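Trainee: Submitted below is the structure of interest, expressed as structure tokens.
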Amino acid sequence: MSLQNSVPKYTATSKVNRKAKVGRTPWSAVDPLVDPFRIRPAFRSSGAPTPWLIGFMLLFALNANAAVDGVVVNQTTGKPQAGATVTLYKVSNEGPTSLESVKSSADGKFTINQNPAGGPHLLQAAYDGVTYNKMLPPGMPSTGLMVNVFNSTPQRGAVKITQHMILLEPSATELSVRESFFYKNDGKTTWNDAARGNLRFEIPAGSRGNVEVNATAPQGMPIRRAPEKTDEPGVMKVDFPVKPGETRIDLAYKVDFKSPGKFSGRSLEKAESTMMAIPAGVEVKGEGIEERGKEPKTQASIFSVITDKFTVEMNGTGELESGTSRNEDDGPEIQVSPARVMERKYYVVGLAGAILLLSFLRQLRKQA
């Protein structure tokens, strides 16, 4: 073959294709099966499916048969846990929907034949009377999962309450009370005492309506719990297992109040530190409390509760809020509109953190 014959001759069409090679390579030059701008037949002239259709069918079959699998591990023993009930829930605005439940095998393994595509899912393992959750966000691998569980015991063990926070907000006709208990479990077992309850508290005289209880497990979301009555008048309990890690239980209730007025309380649970916050502008004095300073942002008064029983005398009204600027003509009361309820909720959490920080700083100064 001569050199002249080996040189290709360029037609008008080939020149266009040659220019297309400069810069981005056309899809058709890479693989004619992945050209997104060309609709190709699904079947050959012989009636056999084309390769792209076969690939699509295989991909669809794999997704249709997708499953959730993994192993349940008992972190108390450090071994796989047999006999745990594992349930897959689909999470939506209407709440969780159970898709399937299975038992973990002798080696702790489980397989749920459900496709977890199409939104967040929750994997829950129930063992020894306690449930343990693992969220499956969209796009997260659904195979080879590990769900941790623990042995349960009615013995308190290493569980302690590191902080007890009390937030008081007096108004013209009532007193809003919020209490938060911060638990820390440094052990390897879950404290689950359904008979006694994991928290006992006293409802003061003159309380209005029900007590709202929200409990948050380690790395979990707040869950509404219903308090239960005990044999002791005025004393209620909350049954919420305290797992290894940090757990929080929040109470909210209202009592009759008219300024100036008194509020008396009694702590039934021993905490390493009990702190109280009262809005700025409210005059405070009482028994069983010691003033610790002001919260910098809102100027709320911070007190340490030094005895199990305490009495607080308050003159004035106010609400704990984010300390936005106000004019002198606005009046002495701090108002919070209904549209800002969620903003105020998150602020109360921030205030609790500020009180914890203030307490921590004072402890450091005492040690110095």
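The values are calculated or read from the model by the stated rules, or taken from the named source; none is laboratory data. Quick caveat: nothing in here was measured; it's all calculated off a predicted structure. Backbone-built Cβ (ideal geometry, glycine too); neighbour counts: all protein chains shown.
Trainee: Going by the structure shown, is GLY144 outside the structural domain of GLY265 (by TED's automatic domain parsing), in contact with a strand residue (DSSP E or B) (Cβ under 7 Å, 6 or more places away or on another chain) and either more than 22 Å from PHE310 (Cα to Cα) or at pLDDT 95 or above (or both)?
Mentor: Working: outside the structural domain of GLY265 (by TED's automatic domain parsing): yes; in contact with a strand residue (DSSP E or B) (Cβ under 7 Å, 6 or more places away or on another chain): yes; either more than 22 Å from PHE310 (Cα to Cα) or at pLDDT 95 or above (or both): yes.
Answer is yes for this residue.
Trainee: Right, next: Which pairs turn up if I take residues in the stretch 180-197 that are closer than 18 Å to VAL149 by Cβ and look for partners that are of a type in the set (Lys, Arg) and in a loop (DSSP other than H, G, I, E, B) with beta carbon separation below 6 Å, at least 6 apart in sequence or on another chain?
Mentor: The qualifying pairs are THR190/LYS243; TRP191/ARG156.
Residues checked against (1) of a type outside the set (S, T, N, Q); (2) at pLDDT 95 or above:
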{"residue": "PRO137", "(1), (2)": "yes, no"}
{"residue": "ASN148", "(1), (2)": "no, yes"}
{"residue": "SER152", "(1), (2)": "no, yes"}
{"residue": "GLN155", "(1), (2)": "no, yes"}
{"residue": "PHE181", "(1), (2)": "yes, yes"}
{"residue": "ASP186", "(1), (2)": "yes, yes"}
{"residue": "SER207", "(1), (2)": "no, no"}
{"residue": "VAL211", "(1), (2)": "yes, no"}
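Trainee: Still on this structure: Which one is farthest from PRO80 (Cα to Cα), of the residues in the stretch 96-116 that are without any contact (Cβ under 8 Å) to a residue 24 or more places away in the chain and among the aliphatic types (A, V, I, L, M)? Don't jump to the end; show me each part of the working.
Mentor: Residues of the stretch 96-116 that are without any contact (Cβ under 8 Å) to a residue 24 or more places away in the chain, as a first pass: 97-103, 105.
Then keep just the ones that are among the aliphatic types (A, V, I, L, M); that gives 99, 102.
Numbers: LEU99: 24, VAL102: 16 Å.
Going through the qualifying residues, I end up with LEU99.
Trainee: When the residues of the stretch 132-152 are narrowed to those that are touching an Asp or Glu at 6+ places or on another chain (Cβ under 8 Å) and in a loop (DSSP other than H, G, I, E, B), which ends up surrounded by the fewest Cβ atoms within 10 Å (Cβ to Cβ)?
Mentor: GLY144
Trainee: Please find, within the stretch 153-174, the residue that is farthest from the chain's Cα centre (by Cα) out of those that are buried (at least 20 other Cβ atoms within 10 Å of the Cβ) and over 17 Å from PHE201 (Cβ atoms).
Mentor: PRO170
Trainee: Only one residue in LYS258, LYS262 is outside any loop (DSSP other than H, G, I, E, B), surrounded by fewer than 16 Cβ atoms within 10 Å (Cβ to Cβ), at negative phi and at pLDDT below 95, so which one is that?
Mentor: On the way: LYS258 fails: outside any loop (DSSP other than H, G, I, E, B).
Result: LYS262 is the single residue among LYS258, LYS262 that is outside any loop (DSSP other than H, G, I, E, B), surrounded by fewer than 16 Cβ atoms within 10 Å (Cβ to Cβ), at negative phi and at pLDDT below 95.
Trainee: Pairs under 6 Å by beta carbon, first residue over 14 Å from PHE181 (Cα atoms) in the stretch 215-229, partner part of a loop (DSSP other than H, G, I, E, B), six or more apart or different chains?
Mentor: Listed by first residue and then by second, the contacts come to ARG225/PHE240.
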